[in-house]
Amino acid sequence: MSAPSSEPRSGTRYLWLLVAVLFSLVVALVAGILKAGTGVGFADAVLYGGTAFATSMGLCLLVLSAVGQL
């Protein structure tokens, strides 16, 4: 009798990855909209949103790795 594996199933892994991407996309959109509301140019708002996406995606991947979902 073997012990159950702590490795997540691949379908679950892809769903968590999709959740992380969608969450990061929402964060990027909110950050870009808030930055555009301050009166900066479109390019600056997009750059700010991209930075927010990359940062939140990195944090999501870090947390998912820490809890063993990736």
Would you indicate which of (1) 13.1; (2) 15.8; (3) 13.6 is the value of Kirkwood radius over Cα pairs in Å derived from the coordinates of this structure? (3)
For a protection proxy built on the mean count of beta-carbon atoms within 10 angstrom, sort 15-22, 51-58, 36-43 highest first, please. 51-58, 15-22, 36-43
Nearest 10 degrees, 0 to 90: what angle lies between the long axis of helix 42-66 and the longest principal axis of the chain (Cα atoms)? 20
Chain lengthening between GLN69 and LEU34 when straightened (0.36 nm per residue, less Cα-Cα): 9.4 nm
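The numbers here are math on the coordinates, done by the rules we state, and not lab data. If you're wondering where the values come from, they're calculated on a predicted model, not measured in any experiment. So basically every Cβ, Gly included, is an ideal-geometry build from the backbone, and we count neighbours across all protein chains shown.
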